[in-house]
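K.L.:
Could you have a look at this structure, given as structure tokens, before my questions?
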Amino acid sequence: MSIESAIVNLINSNDDLVELIDEKIYPINLPQDTALPAIVYQQIIETEPMTTEGALGLIESRFQITCWADSHNDCVELAEKLRAALADASGIYAGVIILHIQVVGRGDIPAIDIEAEQISRFGKFIDFIVSYEN
């Protein structure tokens with residue numbers, strides 16, 4: 001399986017998150033008219049550390065996962081539950097051996113409704129580095 005499938009499986013294995021998002025996890029873009037809250041993930045970069053003797057068999061992949069909600073408070077709650085679920089996680093998910101997940105950054109992403117010139121939804125991103133075996 002893929003690391004993307006493993007991340008989705010890990011998120012869906014957390015009852016607190018599933019209760020909030022009802023398994024609304026999407027790659028790259030939030031589909032138009034999606035009921036919120038929801039989560040969007042994208043892979044930023046993946047590296048395979050090497051030694052002079054070859055590949056280590058370890059892969060490090062950086063993901064940005066964005067939580068979307070209708071209110072700032074709901075977005076903060078979802079982002080905190082996501083951070084708690086993924087930070088320091090390890091195990092086998094969708095057949096992928098995840099060794100460690102580290103939070104490396106967080107921030108806000110307001111979505112502006114151009115026509116109304118107001119914030120239409122609230123977003124918080126969390127960047128993670130996922131170390132896993134190939």
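K.L.:
In region 75-105, what residues are of a type in the set (D, E) and either crowded, with 16+ Cβ neighbours inside 10 Å or touching a Ser or Thr at 6+ places or on another chain (Cβ under 8 Å) (or both)?
P.N.:
Within region 75-105, E77 is the sole residue that qualifies.
K.L.:
Can you list the strands (runs of 3 or more DSSP E) found entirely within region 7-115 that contain at least 1 residues being closer than 16 Å to F125 by Cα and over 15 Å from the mean Cα position of the chain (by Cα)?
P.N.:
It comes to 96-113.
Every number here is computed from the coordinates shown, using simple stated rules; none is lab data. Bear in mind that the values here come from a model prediction, so they are computed numbers and not experimental data. Because the Cβ atoms are built from the backbone with ideal geometry, glycine has one as well, and the counts that use them run over all protein chains shown.
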